[in-house]
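S.K.: One structure follows; several queries about it will come next.
The values are calculated or read from the model by the stated rules, or taken from the named source; none is laboratory data. These figures come from a predicted structure and were not determined experimentally. Methodologically, a virtual Cβ is constructed for each residue, glycine included, from the backbone with ideal geometry; neighbour enumeration extends over all protein chains shown.
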Amino acid sequence: MPHKRLSGWGRTAWTVADVVSAREPDAIAHALTEVGPRGAIARGLGRSYGAAAQNAGGTVIEIASESDHEGADITFSPETGIIDVASSVSLDAILRFSVPRGWFVPVTPGTRFVTVGGAIASDVHGKNHHVDGSFGQHVRSMTVLLSNGEVVELSPHQNPEWFWATVGGMGLTGIVLRAQVALLPIETSQVLVETERLGNFDAV
Ligand SMILES: Cc1cc2nc3c(=O)[nH]c(=O)nc-3n(C[C@H](O)[C@H](O)[C@H](O)COP(=O)(O)OP(=O)(O)OC[C@H]3O[C@@H](n4cnc5c(N)ncnc54)[C@H](O)[C@@H]3O)c2cc1C
């Protein structure tokens, strides 16, 4: 396994780990069989500011890469508004797929360049947090690979304790392989803006 220096988006605490690139479930499961005593952690697009997707002296399984934006593994049901998506797919790729079809991601953080796996593991929030909650509230179900090699289906109704431990679990319960996420219908991708310029604050 290649040694690689990694940091978070904040570029502060660099550490070295054995980094394996694996996207398909079989390849991810195989990588897990070869980890040493310091274990393994999943890494999406590395947009966490801190060291969440690092593992000094251990293994990091890179589920996505910067060049992964084409050919996203997404299927969509317009009847239910739910996408079935690989955890490696970025919100950017989902939006490029869904907006022309009239649907939007229900919660978007300040960057679209995060993976579905990272969005679930950090339970990311957007500007609509006070109304719609965080990303995990829109995940209908997910498939997770546990450290013992077992693959489990999780939802708010099926293994709910594991489901909610994985939402916001920072990758510590296992590796999310796929997720089913409810999208929001939109009428248009454009915004109508009216601008009125005023001379000073008193005029507002
Ligand atoms: C410019 C900018 C703006 C941001 N704005 C916001 C914001 O408004 N709101 C907000 O909530 N966050 C925000 N963030 C943070 C970012 O949304 C989260 O850190 C997100 O988790 C990054 O996703 P990622 O795919 O890059 O994951 P990584 O950074 O690679 O990993 C993050 C965590 O997810 C885990 N993980 C990744 N993939 C998987 C997987 N398949 N299975 C299990 N665990 C996995 C990792 O182990 C790690 O613990 C922002 C970040 C940036 C750089």
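S.K.: Just to be sure, is D18 outside any strand (DSSP E or B), more than 9 Å from the ligand (Cβ to nearest atom) and more than 21 Å from S155 (Cβ to Cβ)?
M.R.: It is false that D18 is outside any strand (DSSP E or B), more than 9 Å from the ligand (Cβ to nearest atom) and more than 21 Å from S155 (Cβ to Cβ).
S.K.: Would you tally the residues in the range 86-99 being surrounded by 16 or more Cβ atoms within 10 Å (Cβ to Cβ), more than 15 Å from V124 (Cβ to Cβ) and among the hydrophobic types (A, V, I, L, M, F, W, C)?
M.R.: 3
S.K.: Oh, and also: Could you tell me how many of the residues in the range 129-140 are over 14 Å from A182 (Cβ atoms) and away from the ligand (no atom under 11 Å from the Cβ)?
M.R.: Looking only at that region, the number is 2.
S.K.: If a residue must be of a type outside the set (V, I, T) and surrounded by fewer than 17 Cβ atoms within 10 Å (Cβ to Cβ), how many such residues does the range 30-48 contain?
M.R.: Counting residues in the range 30-48 that are of a type outside the set (V, I, T) and surrounded by fewer than 17 Cβ atoms within 10 Å (Cβ to Cβ) gives 6.
S.K.: Also, quick follow-up: Being more than 14 Å from W9 (Cβ to Cβ), aliphatic (A, V, I, L, M) and modelled with pLDDT of 95 or more is the filter here, so list the residues in the range 36-65 that pass it.
M.R.: Scanning the range 36-65 gives A40, I41, A42, A56, V60, I61.
S.K.: Keeping to the range 127-150, report how many residues are surrounded by 15 or more Cβ atoms within 10 Å (Cβ to Cβ) and either among the acidic types (D, E) or more than 24 Å from G36 (Cα to Cα) (or both).
M.R.: 11
S.K.: Give the residue that is nearest to the ligand (Cβ to nearest atom), with candidates limited to residues of the range 106-121 that are under 10 Å from F135 (Cα atoms) and crowded, with 20+ Cβ neighbours inside 10 Å.
M.R.: A121
S.K.: Would you pick out the residues in the range 179-198 that are buried (at least 20 other Cβ atoms within 10 Å of the Cβ) and within 16 Å of the ligand (Cβ to nearest atom)?
M.R.: A179, V181
S.K.: Among the residues of the range 13-64, write down those that are charged (D, E, K, R), free of Cβ contacts under 8 Å to residues at least 60 places away in the same chain and within 15 Å of G171 (Cα to Cα).
M.R.: Of everything in the range 13-64, those that are charged (D, E, K, R), free of Cβ contacts under 8 Å to residues at least 60 places away in the same chain and within 15 Å of G171 (Cα to Cα) turn out to be R38, R43, E62.
S.K.: Would it be correct to say that S90 is more than 21 Å from L172 (Cβ to Cβ) and touching a residue at least 12 places away in the same chain (Cβ under 8 Å)?
M.R.: Against the criterion (more than 21 Å from L172 (Cβ to Cβ) and touching a residue at least 12 places away in the same chain (Cβ under 8 Å)), S90 qualifies.
S.K.: Tally up the residues in the range 25-48 that are on the phi < 0 side of the Ramachandran plot and within 6 Å of the ligand (Cβ to nearest atom), please.
M.R.: So the answer is 7.
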